[in-house]
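**Q** Please see the structure below; I have some questions.
Just so you know, all these numbers are worked out from the coordinates, no wet-lab data involved. Since the model is a prediction, treat every value here as computed from it, not as a measurement. Note that we place each Cβ from the backbone using ideal geometry, even for glycine, and neighbour counts take in every protein chain shown.
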Amino acid sequence: NNPFDGRNSTGNPVPATQGAGSGTWKAEVSAYLIAPNAGGDPRIQLSQQLLAFIFNVRHRLGGSGVTMQLPDGTWATGGSIIASAITAWNHGGAEANAWSTILDTCNNLEGTTQGTGVPYICVTPE
């Protein structure tokens, strides 16, 4: 509910992380992405996975036009995956859990040559 302003819920600066100084939005995003979420609202885990996915799509894969193969074998653009995950976040429950799992798989892009991760087609070929 709060913007990434470098402060935690009590207003104190978020501690520094590797590559991000204390009290910066980068430190807060980093802390949010690795915060424990077991047993809580499934939308929290989905929001963490979605934020990581958005960063991956925008900063590693060239934008929301990237096309990737979902675990069920279908192909979808990054933009349509983001839209579906946001809809699932609004619904919560089992739908949020399902999209959290899908995004977790999509976020594991490393190692596609070893048969793990998700096949994808970049917007701009390397």
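**Q** Under a 5 Å amide H to amide H cut-off, with H placed in plane at 1.01 Å, what residues pair with ARG7 once short-range neighbours are removed?
**A** Amide H to amide H, under 5 Å and 5 or more residues apart or across chains, ARG7 pairs with VAL14.
**Q** Please report the Cα spread of region 10-72 along all three principal axes, rounded to whole Å, starting with the longest.
**A** Principal extents (Cα only, largest first): 41, 30, 16 Å.
**Q** Within 15 Å, Cβ to Cβ, of PRO13, how many net charges do the neighbouring residues add up to if Lys/Arg are +1 and Asp/Glu are -1?
**A** Values: positive: ARG7, LYS26; negative: ASP5, GLU28.
Summing Lys/Arg as +1 and Asp/Glu as -1 gives 0.
**Q** Between ILE54 and SER80, with labels modelled 7 Å along Cα→Cβ, what's the label distance in nm to one decimal, could you check?
**A** It works out to 2.1 nm between the two label points.
**Q** Moving to a separate point now. Report the Stokes-Einstein translational diffusion coefficient (µm² s⁻¹, integer) for region 66-105, Rh taken as the Kirkwood radius over Cα pairs, at 37 °C with viscosity 0.692 mPa s.
**A** Details: Rh = 10.2 Å.
For the chosen part, D equals 322 µm²/s.
**Q** With 18 Å as the cut-off, how large is the P(r) tail for region 30-114, expressed as percent of Cα-Cα pairs? Write down the numbers at each step before the final one.
**A** On the way: 1416 of 3570 pairs.
Result: 40 percent of Cα pairs exceed 18 Å.
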